[in-house]
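This report concerns only the one structure given below.
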Amino acid sequence: MSSTQYLLYRSFTSLVVLVGVSVITFGLIHLTPGDPAKTILIQQTDQPPTEEAVEAFRAELGLDRPIPVQYADWVTDVLQGDLGSSYYSDRAVTELILQHLPATIELAVAAMVIALAIAIPTGVLSAVHRGEEIDIVSQLGALIGVSMPNFWLGYLLIIVFALYLDLFPVAGTGGLSHLVLPAIALGTGMAAIVTRLVRTSMLEVIDRGYVDMARSKGLDERIVIYKHAFRNALLPVITVVGLQLGFVLNGAVVIEIVFQRPGLGVLLVDAIFARDYPVVQGIVLVIAVTFVATNLAVDLAYTRLDPRIEIGGRST
């Protein structure tokens, strides 16, 4: 399969995934109990609206039309680059997302940096010192990290480092100090997963012939480990790291609520409670596009890291 054919194939499958996500999201939010027109009118007027006012507002929002028609109209607007307007604030959804997106990206990047800074050296050391104390401690730490919910860790970090030790702020955004605790809470789970994967991948290659040959040439052990062994153990690690980006974005929704960071998470939760359908659909679509694009980038990166792998999954 040529590069062009593969890109066309992946583009088609990605489009199918995005359509599926949009259909499921659109259907679920419209099946959620509650009338967005009534909810918004109550929030705006602080009193129960009349049935006539609700029906008029539903017609104004286009909610009186059949759901398939509403979905078709929304898709048509999305294809033209328009994610619609918020029912509640009447602001463009794209504007709201762009306003809150930087805080989420900042948190996700910081979490991934922390996760990789912990996982890569820990996983390599664990494999090199297999069966020793450092390996046992690493495996135990990874098990705890995988098992611990990030929101629970977030509250624990707030209690210990914000309330008890008063080292970091409890919530909000600002300088680096506001980012440390949420990034640790979000990155710990990813660090645990990647640590275990790095260890497993390193154990598969560390005793291979080319590694022994590198040692026999008198190369420094660090060069043998990181240049020859780790490089060949990197492919599955990159796969998981790429996939984890999507999970990090999803996890950021919860962590932003815990630490009250004004990112996509807070915006999404507020939109769900307000029955603000266009905002919910827009945020889910953005996250889905990010996830799909990351998967495609990971697949294409394979051929750069290992020339034996051809596009389309065949190897030479």
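Points to keep in mind about this one:
- Binning the alpha carbon pair distances of the chain at 20 angstrom intervals from zero yields the distribution 26, 48, 22, 3, 0, expressed in whole percent.
- Listed residues 131, 246, 84, most fluctuating in the chain (Gaussian network, C-alpha, under 10 Å): 131
- Dipole axis of the range 93-305 (+1 Lys, Arg; -1 Asp, Glu on Cβ), positive-most option in 257, 146, 197: 197
- Residue 85 long-range amide H proximity, modeled H, under 5 Å: 93
- If you look at the Cα atoms of the range 65-119, you get an Rg and a Dmax of 17.0, 52 Å.
- Calculated FRET value between residue 238 and residue 92, using beta carbons and R₀ = 51 Å, to 0.05: 0.90
- Between residue 134 and residue 50, the FRET efficiency from the beta-carbon distance, with R0 = 51 Å, is close to 0.15.
- Average Cα contact separation per residue, the chain, under 8 Å, 6 or more apart, as relative contact order %: 25
- Springs between Cα atoms under 10 Å define the GNM used for the chain, and in it the highest mean-square fluctuation of 65, 231, 91 occurs at 65.
- Mean Kyte hydropathy of -1.0 or more with a Cα span along the axis of at least 20 Å, helices from DSSP in the chain: 3-31, 93-128, 133-147, 177-205, 234-258, 277-305
- Förster radius 45 Å - calculated FRET efficiency between residue 213 and residue 28, Cβ distance, rounded to 0.05: 0.20
- Qualifying chymotrypsin sites (Phe, Trp or Tyr not before Pro) in the range 225-269, where qualification requires a DSSP coil assignment and no more than 13 other C-beta atoms within 10 Å, are lacking entirely.
- Between the range 218-287 and the range 183-212, the Cα center-to-center distance that results, in Å: 18
- Choice from 173, 294, 76 showing the highest fluctuation, given a GNM over the chain with Cα pairs closer than 10 Å: 76
- Under-5 Å amide H pairs with residue 276, H placed in peptide plane, nonlocal only: none
- For the range 93-305, a crude dipole built from +1 on the beta carbon of Lys and Arg and -1 on the beta carbon of Asp and Glu, taken about the Cα centre, is about 480 debye to the nearest 20.
Read-outs: derived from the displayed coordinates by stated rules, not from any lab. It should be emphasised that the depicted structure is a prediction, and the values quoted were computed from it without experimental measurement. Here the Cβ is made from the backbone with ideal geometry for all residues, glycine too, and neighbour counts use every protein chain on show.
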